[in-house]
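As structure tokens, the structure follows; a few thoughts come after it.
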Amino acid sequence: MTEAEARRLIVEALHQTARSFNNPVVSARLQAPDGDLELGELELDSLDLVEWSVEIEKRSGAALDTADLAAATRLSDVVKTVMAKAG
């Protein structure tokens, strides 16, 4: 899995689960191929993290849990984690 593929599926999973992208600046940064942001900017609660983790796992086959997402501070950290766990 390439970095671009991992990033795409992570962002798609995020859109599928959170559905709270009313902030046009955050949404634009997520859509930019090289855009990165602090996960705190997404304002996800613990349920959002669980749903996001499950959706990423379904899409990537990577065994991911909420601790992996909670440990990440940036979107790029999540991309690296998924790439490492997906093999």
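The values are calculated or read from the model by the stated rules, or taken from the named source; none is laboratory data. These numbers were taken from a predicted model, which means no experiment stands behind them. Cβ: placed from backbone, ideal geometry, glycine included. Neighbour counts: every protein chain shown.
Residues are listed down the side, and each one gets a yes or a no for (1) in contact with a Leu (Cβ under 7 Å, 6 or more places away or on another chain); (2) over 18 Å from residue 81 (Cα atoms); (3) outside any helix (DSSP H, G or I):
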| residue | (1), (2), (3) |
| --- | --- |
| 6 | no, no, no |
| 9 | no, no, no |
| 17 | no, yes, no |
| 27 | no, yes, no |
| 40 | no, no, no |
| 44 | no, yes, yes |
| 58 | no, no, no |
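Modelled with pLDDT under 85, on the phi > 0 side of the Ramachandran plot and exposed (fewer than 15 other Cβ atoms within 10 Å of the Cβ) - does that describe any residue in segment 11-27?
For segment 11-27, residues modelled with pLDDT under 85, on the phi > 0 side of the Ramachandran plot and exposed (fewer than 15 other Cβ atoms within 10 Å of the Cβ): present.
Restricting attention to segment 35-87, and to residues there that are hydroxyl-bearing (Ser, Thr, Tyr) and free of Cβ contacts under 8 Å to residues at least 40 places away in the same chain, which single residue is nearest to residue 2 (Cα to Cα)?
Only one residue fits best here, namely 81.
Need the failing condition index for residue 38 against (1) surrounded by 14 or more Cβ atoms within 10 Å (Cβ to Cβ); (2) closer than 18 Å to residue 73 by Cβ, just the number.
Among (1) surrounded by 14 or more Cβ atoms within 10 Å (Cβ to Cβ); (2) closer than 18 Å to residue 73 by Cβ, residue 38 violates only (1).
Name every residue in segment 64-87 that is at pLDDT 90 or above and not in a helix (DSSP H, G or I), in order of residue number.
Once the filter is applied, which keeps residues that are at pLDDT 90 or above and not in a helix (DSSP H, G or I), segment 64-87 yields 72, 73, 74.
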